[in-house]
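Here, each number is a calculation from the coordinates, and none is a lab measurement. Note that the coordinates shown come from a computational prediction; the quantities given were computed from them, not determined experimentally. Neighbour counts are summed over all protein chains in view; Cβ atoms, including those assigned to glycine, are modelled from backbone coordinates with ideal geometry.
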Amino acid sequence: MIDADLVVIGAGPVGAALAMLLARSGRRVTLLDRATFPRDKACGEGLLPSGVRVLRDLGLDLAQLGFPALRGVRYRSAGGRSAAAPFRNGCGRGVRRVTLDAVLAERAAATPGVHFHPGCPLVAIARDRRGIEVRTGLGSLWARALVGADGLRSTTARLLGRARPPRGPARYGVVGHLACDRMPPEVVVTLLGEVEVYTAPTGRDELLVALLGSRKALFPDGGVLDRFRAVVERAHPELAGAPLRSRLRGAGPFRVRARPVAGEGVFLAGDAAGFTDPLTGDGIAAGLAQAEVLAGLLAPERLDLADPRQLARAALRYRSWWGRQWRRRRLLAGLALRLGRSTALAHRALDGLARRPESLTALLEVDDGGRALTSLGPRDWAALVGL
């Protein structure tokens, strides 16, 4: 007996949004998460304009929820150089995950066609000609297809043998929230060589602060809190002594990817499909774009879930689209990391982009998926190398 058309594993922003989109198209969806809500999570918490649009289309008013506007991004170096540019296609939002995830999970649970089960861990996945059996801590159910949106350490990807180990030098993040009464309406990234400091307002008087770097740079012999305070004060002297509003949380290592991201009736989305690096701040928005594309490919008018050939074609289309998105994200993340590791390159890039902020705006639009990488012209690349 088929209990649902689709099972979505993971009720974070990507999974909850996807469940709502699928149900609105007429699908019967079961949404599972091992956590109960509200729950907090280490995250950059900067939502780019494209992600704001997806949630707005779902009826979520982020301003009404008290999430502050993000008008653009500023990159800085320890030497005082700086380059900033606004978002041209609307504003982003600083989104506190403990609040956002709880609201989205509640909205998904209230959506006709969605059955939500929190506190329900995934245990095993089995397939046969009838469909997919999803075995959980609360029992088993059958579905025509499955979507894994269960994060960086995806249980779905691991159980299917699709998880791949991190590639390249391992990088980690330490995230906390500080009280702050002067909130710049932008994401600020400070390049310190061995560490990057990423800040974004997430409330009326609350600032997210994330430190990104190697294990050695973030977790020296001293205490993590002392290191966090010292690096934050170096990047932002004005935050010295600011009260800590949340406990410090860690994440990483980054740069993981699942292979394949779709096939045999199973699709992966969000960080479960692949994660580059949080330095570019595109993670939540990229995942919401994946949810939107998947919902379109899996809609009843596009696909008979009982037909394996149609499912295979949908998987092929998703892999192709996702691959293009991944290559763009990976290139931009690699570029940002290369600049961050070299003081000389960072200074040249910041000087060039400060002289030509429209090039930085164009890069932000590429990062947000609003324009193709090939749309960047010679003057944009010249600005990036300081010419």
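For the chain, build the charge dipole from Cβ charges (+1 Lys, Arg; -1 Asp, Glu) around the Cα centre, then report which of HIS236, LEU60, MET183 sits farthest towards its positive end.
Positive-end residue among those listed: HIS236.
What size of dipole, in debye to the nearest 20, comes out for region 60-180 about its Cα centre when the only charges are +1 on Lys and Arg C-beta atoms and -1 on Asp and Glu C-beta atoms?
Rounded to the nearest 20 debye, it is 660 debye.
Would you tally the net charge around ASP3, using a Cβ to Cβ cut-off of less than 14 Å, leaving ASP3 out, and scoring K and R as +1, D and E as -1?
Neighbour charge sum, excluding ASP3 itself: +3.
If you find the alpha carbon centre of region 130-151 and of region 185-234, how far apart are they in angstrom?
38 Å
Report, for the chain, the % of DSSP beta bridges that are antiparallel, rounded to 5.
So the antiparallel bridges in the chain amount to around 70 percent.
Rounded to the nearest 500, what is the 222 nm mean residue ellipticity of the chain from helices alone, with -39500 (n - 2.57) per DSSP H run of 4+ residues and division by all residues?
So the helix-based figure for the chain works out to -11000 deg cm²/dmol.
I'd like the per residue volume of the convex hull spanned by the Cα atoms of region 172-251, given in cubic angstrom. Before the final figure, lay out the partial values.
Values: hull volume 6.5 nm³, N = 80.
Residue-normalised Cα hull volume stands at 82 Å³.
Over the Cα atoms of region 334-384, Rg to Rh with Kirkwood Rh, two decimal places?
0.97
Out of residues 5 or more away from VAL8 or on other chains, whose amide H comes under 5 Å of its own, with H placed 1.01 Å from N in the peptide plane?
For VAL8, the qualifying residues are THR30, LEU31, LEU32, VAL147.
Per residue of region 111-118, what does 6.51 cos²θ - 1.76 cosθ + 1.60 with θ = phi - 60° give for ³J(HN,Hα)? Whole Hz please, x for Gly and Pro, Karplus curve as stated.
Once rounded to whole Hz, the list reads 7, x, x, 10, 10, 9, 10, x.
Summing Lys, Arg as +1 and Asp, Glu as -1, what charge do residues with Cβ under 10 Å from the Cβ of ASP205 carry, ASP205 excluded?
+1
Would you mind working out the magnitude of the charge dipole of the chain relative to its Cα centre, with +1 at each Lys and Arg C-beta and -1 at each Asp and Glu C-beta, to the nearest 20 Debye? Let's see the in-between values first.
Details: 58 positive and 36 negative charges, 222 e Å.
Approximately 1060 debye in magnitude.
Would you work out which of ALA35, VAL103, ASN89 lies farthest towards the positive end of the dipole of region 12-106, given +1 charges on the beta-carbon of Lys and Arg and -1 on that of Asp and Glu, about the Cα centre?
ASN89
Can you order the peptides 100-107, 205-212, 240-247 by their average number of other Cβ atoms within 10 Å per residue, highest first?
For the peptides 100-107, 205-212, 240-247, the packing ranking is 205-212, 100-107, 240-247.
How big is the dipole moment of region 334-384 about its Cα centre under a simple scheme where the beta carbon of each Lys and Arg is +1, that of each Asp and Glu is -1, and everything else is neutral? Debye, nearest 20, please.
240 debye
Work out from phi, with θ = phi - 60° and the Karplus expression 6.51 cos²θ - 1.76 cosθ + 1.60, the ³J(HN,Hα) of each residue of region 76-93, listed in order in whole Hz, and give x for Gly and Pro.
Result, ordered by residue: 9, 10, 5, x, x, 6, 7, 9, 9, 8, x, 6, 8, 10, x, 9, x, 9 Hz.
Using modelled amide H (1.01 Å from N, peptide plane; none on Pro or chain starts), what sits under 5 Å from the amide H of ALA78, excluding residues fewer than 5 places away?
Residues meeting the criterion, in which the H sits 1.01 Å from N, are LEU191.
So if I take the centroid of the Cα atoms in region 272-315 and the same for region 7-84, what is the distance between those two points in Å?
Between the Cα centres of region 272-315 and region 7-84 lies a distance of 16 Å.
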